[in-house]
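Below: the structure, in structure tokens.
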Amino acid sequence: MSNASATNGNAQVSVKKKSQIADTWKRLCRNKTAMLGLVIVILLVLIALLSPVVFDYDTEIIKTDYSNTLQWPSAEHPFGTDELGRDILKRTMYATTISLSIGVVTVIVALTLGLVLGASAGYFGGKTDMVIMRIMDIFLAIPGTLLAICIVASLGNSIPNLVIAQAIASTPTFARVVRGAVLTVRGADYVEAARAIGAKDATIIFHDVLPNSLAPIIVQTTLQVASVILSIAGLSFLGLGIPAPTPEWGAMLSAARSYIRDYSYMCMFPGCAIMITILALNLLGDGLRDALDPRLR
């Protein structure tokens, strides 16, 4: 009888989770701006995945062609060419791969660290909470961009160092969000029941606490990807981001600023790519916040 009851209980939990996911998806679909953001994000992901396959990096992305320098948008070059004769459309599309991949990898690293630190602080409380959060407060007291600039300037100008810098700057934000979410559920009945049957703390945190704290974490993850992409573009604009000749939106803007008066298209298209990406991610993040908010159900 006990096995049958446990099986029925698991089945009920599974059905409840599926119904919650379906309900969240329905509410997200009713939000037109969120769906617009989702469609744009999907298109950007497709561009990021297909660009390395469609374009040859050595011959179409970084190869110079001085016979085609500074050409305005045309049928042959829809976005025009830069000062080295490279097609801006191809470089802008390829830069989508660079920006999204760095943004996603950075957020994964920061989220992993934030989950461990925030969950530990929120679940154990006391001295553990005080030590972890005071360290996070120290990092939060330093502007994220300034902290990233210091780290990149110290470690060197490369993609791995850029990921490390952005991950360190983003971790405190995730830690605070996770801690707040854990504090709201750590006293729940199912957590007390898990403690009563002798479950280990790590099991309770990752099996019971974190799965029931995902809503704010998912929203923060979406918004943080946008923040990291914008920060990467800013660092590249300052010359501390992606090293040349790798295409990146901020680096393309930095290279084009000398030509903005006579060849404004060189700045317009990379700038629009940054704007559309950040807007889409923020629209999706806001929509997810509304869809996952139990008070709006």
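Here are some notes:
- Close Cβ contacts (under 7 Å, 6 or more residues apart or on different chains) running from residues in region 254-283 that are under 16 Å from A233 (Cβ atoms) to residues that are open to solvent by 60 Å² or more (accessible area, probe 1.4 Å) and outside any helix (DSSP H, G or I) comprise C267/I260.
- Per-region count, region 266-297, residues surrounded by fewer than 20 Cβ atoms within 10 Å (Cβ to Cβ) and closer than 30 Å to T81 by Cβ: 8
- The residues in region 53-69 that are touching a Lys or Arg at 6+ places or on another chain (Cβ under 8 Å) and not hydroxyl-bearing (S, T, Y) can be counted, and the count is 6.
- Those residues of region 233-247 which are touching an Asp or Glu at 6+ places or on another chain (Cβ under 6 Å) and not in a loop (DSSP other than H, G, I, E, B), in sequence order: S236
- Residues satisfying the stated conditions in region 151-208, i.e. open to solvent by 70 Å² or more (accessible area, probe 1.4 Å), within 11 Å of Y123 (Cβ to Cβ) and in a loop (DSSP other than H, G, I, E, B): R186
- Scan region 86-101 for residues that are open to solvent by 10 Å² or more (accessible area, probe 1.4 Å) and either within 15 Å of the chain's Cα centre (by Cα) or over 17 Å from I229 (Cα atoms) (or both) and the total you get is 8.
- Residue list for region 69-104, filter: closer than 14 Å to Y57 by Cβ and among the aromatic types (F, W, Y): Y94
- Filtered residue count, region 228-243, keeping only those that are at pLDDT 85 or above and either in contact with a strand residue (DSSP E or B) (Cβ under 7 Å, 6 or more places away or on another chain) or open to solvent by less than 60 Å² (accessible area, probe 1.4 Å) (or both): 8
- In region 244-297, the residue that is modelled with the highest pLDDT out of those that are charged (D, E, K, R) and closer than 25 Å to A181 by Cβ is D286.
- Any hit, region 53-65, residues being among the acidic types (D, E), assigned to a helix (DSSP H, G or I), surrounded by fewer than 19 Cβ atoms within 10 Å (Cβ to Cβ) and at pLDDT below 90: yes
- For region 105-124, the set of residues classified as in contact (Cβ under 8 Å) with a residue 24 or more places away in the chain and surrounded by fewer than 16 Cβ atoms within 10 Å (Cβ to Cβ) consists of F124 only.
- Contact map, region 197-222: first residue within 17 Å of V109 (Cα to Cα), second residue open to solvent by 60 Å² or more (accessible area, probe 1.4 Å) and assigned to a helix (DSSP H, G or I), Cβ cut-off under 6 Å, separation 6 or more or different chains; pairs are V219/R289.
- Test: residue in region 43-50 that is more than 18 Å from the chain's Cα centre (by Cα), open to solvent by less than 40 Å² (accessible area, probe 1.4 Å) and without any contact (Cβ under 8 Å) to a residue 40 or more places away in the chain: no
The values are calculated or read from the model by the stated rules, or taken from the named source; none is laboratory data. Here the structure is a predicted model, which means the values were calculated and not measured. Note that each Cβ is placed from the backbone with ideal geometry, even for glycine, and that neighbours are counted across all protein chains shown. Keep in mind that these areas ignore ligands, DNA and RNA; they rest on the heavy atoms of the full protein, side chains included. Shrake-Rupley method; radii C 1.70, N 1.55, O 1.52, S 1.80 Å.
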